[in-house]
Amino acid sequence: MRRRQGLGFWLALGWIGLILLAALLADLLPFARYDETLAGPPQSGPSAAHPFGTDGLGRDVLSRVVYGARVSLGVGIGAVLLGLGIGAPLGILAGYRRKAADAVIMAVNDVAQAFPALVFALAVVAFAGANLRNVLIVLGVLGVPSWVRLIRGATLTFAEREFVLAARVLGTRDRRILWREIVPNVAVPAASYAFIGMAVVVVAEGSLAFLGLSVQAPTPTWGGLINEGRTLMETAPHVVLAPSIAMFLTVLSFNLVGDRLRSLTDVRESGLEPVRQAAPALPATTHPVRDVLLQVEDLRTHFVTPRGLVKAVDGVSFTLERGRTLAIVGESGSGKSMLIRSILGLLPGTSVRGGNVYLAGDDLTSYTAAEMRSVLGPRLGTVFQDPMTALNPVRTIGTQVMEPLRVHMSLTRRQARAEAAKLLASVGIPDPVRILRRYPHQLSGGMRQRVTIAMALSCRPDVLFADEPTTALDVTIQDQVLRLLHRQREERDMAVVLVSHDLSVVARWADEVIVMYAGKVVERGPAAEVFARPRMPYTEALLQAAPRLTDPVHHRLRVIPGRPPDLVDLPEGCAFRARCAYADERCEREAPPLFEDGHDRRRYACWHPRTQAQDGTAAAPSSDVTDVAEGAESGGR
Amino acid sequence: MIVLHRLIRLLVVLVVVTFLSFVLLNLLPGDPVTQILGLSATEEARAQLRQELGLDQPLLVRYLDWLGGLATGDFGTSYITRMPVGSELAERLPVTLELLVAAQVIALGLAIPVGVAAARRAGRALDQALTALSFALLSTPVFVLGVLLILVFAVTWQVVPATGWTPISLDLGWNLTSVILPAVTLGAGQLAVYARLLRTDLIATLQEDYITLARARGLSPRRILWRHALRPSAITLITAVGLNLGALIGGTVIIETLFGLPGVGRLIVDSIFSRDYLTVQGGVVLISVGYVVVNFTVDLVYAAVDPRIRRA
């Protein structure tokens, strides 16, 4: 995708072009020569004849600035080319022939960084003579280590890429690989650094000139002009301001162009572009508020992405009572995790949320940020998928477990520490007092997940949201953690919302199931009923894709054909139809509503519901085979 | 073990840097003998002085001689001023150090709030304004910024002296007024670098799971930002501060010249002009040692900030 460079980039390029042109054509421009004294009255301010005024000897300042550009840009271009000429071959060699060169490069870098470059530039120029050639050579050579580092880095990233490895495996000659594959790819970072290097050299030359160690008078240089001008600062500030501004604009332009070129190749920053446009607001709706612990009504979450509107959660409703577990199942990208975040109000700023979430009758969507914070923790607890990233790596376990206790329950440090130790013990962590002093990286994955569960439980929540709590764990640990969650639910009389793509987990621990597809609920009901008699073909396919212990040997697992749909601009009709064996014209035209099946809690969204158990699908997947159930998820995370 | 390994490596770097600078300075045209005696001196007088100064010895012998002296803390005696180089450097060092520390305090003191503010509102107007401002600061050469600051604060408003130095021992108040302008000049560019680094790292950290989970525990944005996000985001910043502190000891040359401060940078420049090799060489040692020491310290600070590194 082509990205716009913005006005600044073009203005900067324009300024560089203008300065270059002026420097080249200085002799033809209609002003007095830089060394013509008394071209105007000395120290006169800007006027029509002398746009930038005149200096102490009556010389035209504009003319001197333009001629000064010759030195600055000349040295800049020369030094950059010199640095590139020496640095690029060395850098490519070091990046490509890694082993031997690496050690040398590292050593040279160490020395180069400890080497006082500016002092050396000063010494060399002072001793060898202050003239254009010496300044150019010194600044060029001093730039070589940076060039080597840059080119080596760029080469390294490409030398490991598939196409280069492939060429190597095919026995292509190294020289050919270098010219064909590597050099073109290194060119963009090199071009970017050439501009930034220009800025560096222009400043360095200016510094030397400022100290009187660049091209000597009468030839003007920017640094020299600034040095001369500062003696007249009190009476004629324009003399110092004109070269200062010219220099600032030039350095700024080179930096800006270099930076924009760099960001072309930098994927890290590409996600940070602001999305200016918010998704259209969703209409407010009213619902009868029921007497249950958690009621979600018509919840919607929409995002604007650079590609279009994404309906991540699209009209989800459910209720949940105390002491029960609700499972939300579906493939990756079906909106399961986004649903949890929508309920908790933990969405990125660019999203828009609609619908209502009632916690014991109170509408959470009407809460202010501060009110919401008083609910998060004490009433709603959260556990995430990956315990490796769920804990702050630089804070001790104790600090992290104690924090919600101190913030929400206003415990003293001592009380919080005692309570934290109790909590860790209750989730089965041996020697909790010692663990409190540990850092996350010192614990195993299973231990960390126990810690995050302890944290989620610390303020005695009414509802615990567990977003794939065992997916990132070892098989042997998974069952332990699920047992722990279940036991805590019983002991604390909580409700649990369990997000999972693992049907065996769901079959064993959930009371009710919601099946999600493309942001919508496509089937829901009591877990036993849904597994025994799936109505929606997607649910059926999910069940068939999960292996069971009762399967005969060499039984072939069925996979769901196709991929989950792209959520950007979903077409009309049923989102599953492209992968569905039973789809017809109607599925193409109309999205099926959630039909009621027998009773209010059992629902499905399909025009062609399965009427009876298909061969072998009647049995719920065995909960003893947690390890192979990963197959149910066709999309990788 | 790691510490020892690093120490040895740094020591090697020091030896290489001093050797290179020694050779380079001696290979350059220009001769201290001519500088002292003038062009009209007789060949005999020159030879005698050469012998007196030890300049008739081979380069390597002179280097080893000098290195041996350095090991005992002797920087040698200046050919030109006939003064011990060590004491001269010692006299100038406090000025440069004060300037450096003041500049870093200003830069970091502003960069942290600025970086945090920009990261919190990434992509919005304030962030874009701060990014543009730091880009402009980065593109302003120190001598340009220094001249502008002098023009505004010393010449136009006359709130601080344009040049000159008052030591702390003489008068603290005057000392601070004489250090403030150079420190701001030196710190401005650093401020821009630090704020940008912190902003980028903070934005990445704020997208981590543990930050979302901290929000899920109902912690306030302020608490999350300062207690949860700042420290894991500080590693790059610390590296930059370390590298800068090392590199800046040489970079104060311009500032000290511009503001007339009697620091190490100024001494080096003056010595270069007067062909005072040993003093220049002493300055180089000081800068390299400073760089090496700062780097070593930064490694230790890493471990304090990020417990994961302590394992290594």
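The values are calculated or read from the model by the stated rules, or taken from the named source; none is laboratory data. This one's a predicted model, so the numbers in the text were calculated from it and none came from an experiment. Cβ coordinates were reconstructed from backbone atoms using ideal geometry, including for glycine residues, and neighbour counts include every protein chain displayed.
Below are the figures for this structure:
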| item | result |
| --- | --- |
| Flag for A:Ser351 being touching a residue at least 12 places away in the same chain (Cβ under 8 Å) and either closer than 30 Å to A:Phe318 by Cα or of a type in the set (S, T, N, Q) (or both) | yes |
| Segment A:470-495, residues that are hydrophobic (A, V, I, L, M, F, W, C) and not in a loop (DSSP other than H, G, I, E, B) | A:Val475, A:Ile477, A:Val481, A:Leu482, A:Leu484, A:Leu485, A:Ala495 |
| From B:Val280, B:Val241, B:Val289, B:Val305, residue being crowded, with 22+ Cβ neighbours inside 10 Å and facing chain A (nearest Cβ under 10 Å) | B:Val280 |
| Within segment B:187-287, helices (runs of 4 or more DSSP H) holding 2 or more residues that are under 27 Å from A:Gln113 (Cα atoms) and at pLDDT 85 or above | B:235-259, B:264-273 |
| Of residues in segment A:496-534 being among the acidic types (Asp, Glu) and in a loop (DSSP other than H, G, I, E, B), the one surrounded by the most Cβ atoms within 10 Å (Cβ to Cβ) | A:Asp502 |
| Segment A:379-426: number of residues that are at the interface with chain B (Cβ under 8 Å from one of its Cβ atoms), assigned to a helix (DSSP H, G or I) and surrounded by fewer than 20 Cβ atoms within 10 Å (Cβ to Cβ) | 1 |
| Residue within segment A:356-378 that is within 9 Å of chain B (Cβ to nearest Cβ) and assigned to a strand (DSSP E or B) present | yes |
| Within segment A:20-131, helices (runs of 4 or more DSSP H) holding 2 or more residues that are polar (S, T, N, Q) and out of contact with any His (no Cβ under 7 Å at 6 or more places or on another chain) | A:61-96, A:98-114 |
| Matching residues in segment B:222-238 - criterion: being facing chain A (nearest Cβ under 8 Å) and touching a residue at least 24 places away in the same chain (Cβ under 8 Å) | B:Arg231, B:Pro232 |
| Yes/no for B:Leu24 being under 33 Å from the mean Cα position of the chain (by Cα), within 14 Å of chain A (Cβ to nearest Cβ), not in a loop (DSSP other than H, G, I, E, B) and not polar (S, T, N, Q) | yes |
| B:Leu151, sole failed condition from (1) touching a residue at least 12 places away in the same chain (Cβ under 8 Å); (2) closer than 18 Å to B:Thr257 by Cα | (1) |
| Cβ-Cβ under 8 Å pairs, at least 6 apart or on other chains, segment B:38-56 side under 16 Å from B:Ile80 (Cα atoms) and without any contact (Cβ under 8 Å) to a residue 60 or more places away in the chain, far side basic (Lys, Arg) and part of a helix (DSSP H, G or I) | B:Gly54/B:Arg62; B:Leu55/B:Arg62 |
| Residue under evaluation A:Val203, criteria (1) farther than 16 Å from B:Pro141 by Cβ; (2) among the β-branched types (Val, Ile, Thr); (3) facing chain B (nearest Cβ under 8 Å), criterion not met | (1) |
| Residues that are within 29 Å of the chain's Cα centre (by Cα), crowded, with 19+ Cβ neighbours inside 10 Å and of a type in the set (A, V, I, L, M, F, W, C), drawn from segment A:109-157 | A:Trp147, A:Val148, A:Leu150, A:Ile151, A:Ala154 |
| Qualifying residue in segment A:345-355 (condition: aliphatic (A, V, I, L, M) and farther than 25 Å from A:Arg373 by Cβ) | no |
| Any hit, segment B:180-203, residues being within 9 Å of chain A (Cβ to nearest Cβ) and either within 30 Å of A:Asn255 (Cβ to Cβ) or out of contact with any Phe, Trp or Tyr (no Cβ under 7 Å at 6 or more places or on another chain) (or both) | yes |
| Single unsatisfied condition, B:Ala117 versus (1) touching a residue at least 40 places away in the same chain (Cβ under 8 Å); (2) in a helix (DSSP H, G or I); (3) more than 30 Å from B:Leu25 (Cα to Cα) | (1) |
| Matching residues, segment B:106-144, being at the interface with chain A (Cβ under 9 Å from one of its Cβ atoms), crowded, with 19+ Cβ neighbours inside 10 Å and either under 24 Å from A:Gly197 (Cα atoms) or touching a Gly at 6+ places or on another chain (Cβ under 6 Å) (or both) | B:Leu138, B:Ser139, B:Thr140, B:Pro141, B:Val142, B:Phe143, B:Val144 |
| Any hit, segment A:193-201, residues being in contact (Cβ under 8 Å) with a residue 24 or more places away in the chain, of a type outside the set (Val, Ile, Thr) and more than 30 Å from A:Trp10 (Cβ to Cβ) | no |
| Total residues in segment B:25-80, condition among the aliphatic types (A, V, I, L, M) and at positive phi | 0 |
| Criterion violated by A:Asn227 - all others in (1) within 30 Å of A:Val200 (Cβ to Cβ); (2) modelled with pLDDT of 75 or more; (3) more than 9 Å from chain B (Cβ to nearest Cβ) satisfied | (3) |
| Candidate set from segment A:564-589 (those that are in contact (Cβ under 8 Å) with a residue 60 or more places away in the chain and assigned to a loop (DSSP other than H, G, I, E, B)); member that is nearest to A:Ser332 (Cα to Cα) | A:Pro564 |
| Among residues of segment A:320-339, those that are of a type outside the set (Lys, Arg), closer than 21 Å to A:Pro526 by Cβ and modelled with pLDDT under 90, counted | 2 |
| Criterion: within 47 Å of the chain's Cα centre (by Cα) and surrounded by 19 or more Cβ atoms within 10 Å (Cβ to Cβ) - qualifying residue of A:Leu13, A:Leu21, A:Leu82 | A:Leu82 |
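Per-residue answers, yes or no, for (1) assigned to a helix (DSSP H, G or I); (2) in the same structural domain as B:Val12 (by the TED database); (3) hydroxyl-bearing (Ser, Thr, Tyr):
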| residue | (1), (2), (3) |
| --- | --- |
| B:Arg50 | yes, yes, no |
| B:Asp56 | no, yes, no |
| B:Leu60 | yes, yes, no |
| B:Leu64 | yes, yes, no |
| B:Leu67 | yes, yes, no |
| B:Tyr79 | no, no, yes |
| B:Gly86 | yes, no, no |
| B:Leu99 | yes, no, no |
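Matching residues to (1) modelled with pLDDT of 90 or more; (2) in contact with a strand residue (DSSP E or B) (Cβ under 8 Å, 6 or more places away or on another chain); (3) of a type in the set (S, T, N, Q):
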{"position": "A:Asp386", "(1), (2), (3)": "no, no, no"}
{"position": "A:Ile397", "(1), (2), (3)": "yes, no, no"}
{"position": "A:Arg417", "(1), (2), (3)": "yes, no, no"}
{"position": "A:Leu443", "(1), (2), (3)": "yes, no, no"}
{"position": "A:Asp462", "(1), (2), (3)": "yes, yes, no"}
